[in-house]
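Here the structure comes first, spelled out in structure tokens, and everything after it is commentary.
The values are calculated or read from the model by the stated rules, or taken from the named source; none is laboratory data. Small disclaimer: the values here were computed from a predicted structure and weren't measured. Note: ideal-geometry Cβ built from the backbone for every residue, glycine included; neighbour counts use all protein chains shown.
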Amino acid sequence: MVKNHAEFMLNEVCKNCRARVFLFLLLVGWFGATASARHSAPDFFTYAELTTLYEQEIVSQPLESKLNRLLTTPFVDNSHASAIPLHFSQSSKLGNFMRVVQWNVERGLEYEAIEAAFKSESQFAALLDEEKFPLQSEKRREALEQAAMLRAADVIILNEVDWGMKRTEYRHIAADLAEHLGMNYAFGVQFVELSPVQLSQEPNHAGAVENEILNLVKVDPARYKGLHGIAILSRFPLENVRLVPFKYQPYDWYKSEKNGVSMLENGRRKIAEKVFLQKTLREVRRGGRATLLADIADARLPNGRVTIVATHVENRTKSANRVKQLNELLGMVKEFNHPVVVAGDMNTSTEDLTPTTFRRELQKRYGEPQYWIRKGICYALGIGLIEDFALDGMTFWRKQADPTVRHVPLLAPNSERKFFTTLENFRFADGGAFDFRGDSSRSVDEKSKTLSNSNERGSKGFVTTYRVTRPIKFVGKYKLDWIFVKPADLKKPTARNDSYRFAPHFGRTLTHINEVVEDRISDHRPILVDLPLNEPPLKTEKAQQNDN
């Protein structure tokens with residue numbers, strides 16, 4: 001009897017131990033999974049590996065695999081995830097809404113100013129020069145107002161973001177900004193920058209100027225990571241984060257840049273530097289353009305989820321190739337049955353900025369049938385050289401600030417137009433569409449043309465988001481940065497009587513932010529849009545007309 005009782009007690013103790021071990025293992029697994037969700041990161045390159053990546057076009061299989069992992073694995077940090085539901089912004093016109101900001105921050109060269117604009121009114125106000133922004137002036141008021149708009153951002157999408165680069169003091173721009181703003185972040189590497197590695201190994205030249213330049217670019221091997229990419233910052237945890245490089249890369253940033261540029265291209269760059277103060281440096285890189293996607297889940301959102309899509313489309317190519325990359329992006333999001341926000345630098349300049357050669361220029365002008373057809377039409381109509389030049393000027397003027405304008409073959413071509421018609425004609429698997437509406441009551445300054453709800457329009461075309469260092473009148477300014485939204489319940493891109501739940505409202509381009517430092521914060525202006533969680537109190541235009 002005593003023996004049986006002892007065996008029974010032993011079995012119970014063992015069961016209890018097994019249960020505790022199982023519970024312990026379960027907790028370890030849960031914490032491990034949570035840690036993985038909160039922090040994920042691929043491996044970095046050593047300086048010796050970076051040197052190899054520069055010197056050798058074909059590298060070893062282990063190094064190639066490491067590069068591929070870095071270019072396809074996002075860095076994710078959800079350290080600021082909270083169990084307490086966060087509050088959304090609210091207005092009388094929209095009710096509760098989510099604010100999305102997009103900004104190409106030009107590597108983060110003016111990091112302190114970027115942080116001040118997003119973080120603190122007092123820090124930002126301290127940057128305002130009283131001569132440039134006089135006290136009580138309208139310009140100063142608008143600059144402070146625009147900074148306040150940035151501080152209300154729920155989601156921030158950043159292009160051209162550095163990590164471990166000397167030019168930005170080896171900062172991790174995305175992580176530093178996220179930490180100071182109390183936000184979560186995801187960072188995707190597009191390029192491993194190799195030019196500084198190569199320049200650091202060059203022997204000093206005899207001239208003082210050359211030595212000074214080399215000293216500026218020489219890097220600290222212990223701190224140099226050479227990473228450059230895109231980022232998403234969010235007040236909400238980021239889920240299902242993925243980094244997808246475009247399969248189609250029309251410009252080879254390694255081979256083409258390492259081989260150097262032609263005499264013609266070098267001359268073009270020198271002219272650009274003298275006229276526009278726009279210096280183009282050689283950038284030997286491994287990698288390519290990519291898209292970073294992340295989900296935000298919250299029961300208050302339509303369908304409980306929204307996917308944020310941050311991208312950067314190639315600039316050194318022609319418009320048709322940007323459309324190819326766009327089609328890849330659309331393939332990534334087609335099956336989503338919830339709202340989608342696509343934002344980034346789309347490089348819709350209508351120009352082909354591929355480094356040029358005499359052969360290339362001849363092919364562009366004389367090797368295309370369109371050139372000869374146009375010349376034939378001009379000849380038949382009696383249009384001479386002066387009129388032909390005027391026609392080119394009119395074409396440039398039409399699309400300078402509005403790459404969405406109609407393409408008129410031969411006479412007034414706009415090669416970028418297809419980028420926008422592709423977006424407008426696209427349908428998600430659930431029948432949803434991107435919002436192309438322009439309502440005067442839902443746009444800044446009551447503009448009512450295409451896309452004015454999501455992207456601010458100006459007196460002519462859109463308010464430009466990019467400019468060279470010294471633009472001449474309207475030359476050197478472009479609308480490159482965009483926000484496109486798939487709302488909750490829109491089936492036709494321009495249907496003004498459909499729902500406006502989670503549809504873009506009051507898209508803005510913040511024009512004064514960049515001017516607060518002497519050499520501007522970035523060559524791009526930030527843009528933003530507000531997305532109401534429910535049907536906004538604003539009435540449709542048809543309902544307003546009926547009321548009247």
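Under 8 Å by Cβ, and 6 or more places apart or on different chains, what pairs join a residue from the stretch 52-77 that is within 20 Å of Phe246 (Cβ to Cβ) and in a loop (DSSP other than H, G, I, E, B) with one that is at pLDDT below 95 and not hydrophobic (A, V, I, L, M, F, W, C)?
Final answer for the pair search is Thr73/Ser40; Thr73/Pro42; Pro74/Ser40.
Search the stretch 314-340 for residues that are touching a residue at least 60 places away in the same chain (Cβ under 8 Å) and within 14 Å of Phe428 (Cα to Cα) and pair each with any residue that is of a type in the set (A, V, I, L, M, F, W, C) and part of a loop (DSSP other than H, G, I, E, B) when their beta-carbon atoms are under 6 Å apart and the residues are at least 6 apart or on different chains.
Listed by first residue and then by second, the contacts come to Glu328/Phe246; Leu330/Phe426; Lys334/Phe428; Lys334/Ala429; Glu335/Ala429; Pro339/Ala488; Pro339/Phe502.
What's the total number of residues in the stretch 53-75 that are of a type in the set (Ser, Thr, Tyr) and at pLDDT below 95?
Residues of the stretch 53-75 that are of a type in the set (Ser, Thr, Tyr), as a first pass: 54, 60, 65, 72-73.
Then keep just the ones that are at pLDDT below 95; that gives 54.
Number of matching residues: 1.
Are any residues in the stretch 464-516 in a strand (DSSP E or B), of a type in the set (Gly, Ala, Ser) and either modelled with pLDDT under 95 or surrounded by fewer than 21 Cβ atoms within 10 Å (Cβ to Cβ) (or both), and if so, which ones?
Applying the first criterion (in a strand (DSSP E or B)) to the stretch 464-516 yields 466-472, 475-478, 481-486, 505-509.
Remaining after also requiring of a type in the set (Gly, Ala, Ser): 476, 507.
Result: Gly476, single match.
Does any residue in the stretch 227-256 that is closer than 22 Å to Arg167 by Cβ come within less than 6 Å, Cβ to Cβ, of a residue that is modelled with pLDDT of 95 or more and in a loop (DSSP other than H, G, I, E, B) six or more places away or on a different chain, and which pairs are these?
Pairs found: Leu227/Gly164; Leu233/Met183; Tyr251/Glu314.
Has the stretch 93-100 got any residue that is part of a loop (DSSP other than H, G, I, E, B), in contact with a helix residue (DSSP H, G or I) (Cβ under 8 Å, 6 or more places away or on another chain) and of a type outside the set (Phe, Trp, Tyr)?
Checking the stretch 93-100: not a single residue is part of a loop (DSSP other than H, G, I, E, B), in contact with a helix residue (DSSP H, G or I) (Cβ under 8 Å, 6 or more places away or on another chain) and of a type outside the set (Phe, Trp, Tyr).
Applying the selection to the stretch 495-535, what residues are closer than 19 Å to Trp103 by Cα and of a type in the set (Lys, Arg)?
Listed by number, the residues that qualify are Arg508, Arg520, Arg525.
Looking only at the stretch 103-126, which residues are among the charged types (D, E, K, R) and either in contact (Cβ under 8 Å) with a residue 24 or more places away in the chain or closer than 25 Å to Thr464 by Cβ (or both)?
Of everything in the stretch 103-126, those that are among the charged types (D, E, K, R) and either in contact (Cβ under 8 Å) with a residue 24 or more places away in the chain or closer than 25 Å to Thr464 by Cβ (or both) turn out to be Glu106, Arg107, Glu110, Glu115, Lys119, Glu121.
Is it fair to say Gln249 is over 30 Å from Asn534 (Cβ atoms), modelled with pLDDT of 95 or more and assigned to a loop (DSSP other than H, G, I, E, B)?
yes
Looking at this structure, is Val284 at pLDDT below 95 and surrounded by 22 or more Cβ atoms within 10 Å (Cβ to Cβ)?
Spelling it out, Val284 is indeed at pLDDT below 95 and surrounded by 22 or more Cβ atoms within 10 Å (Cβ to Cβ).
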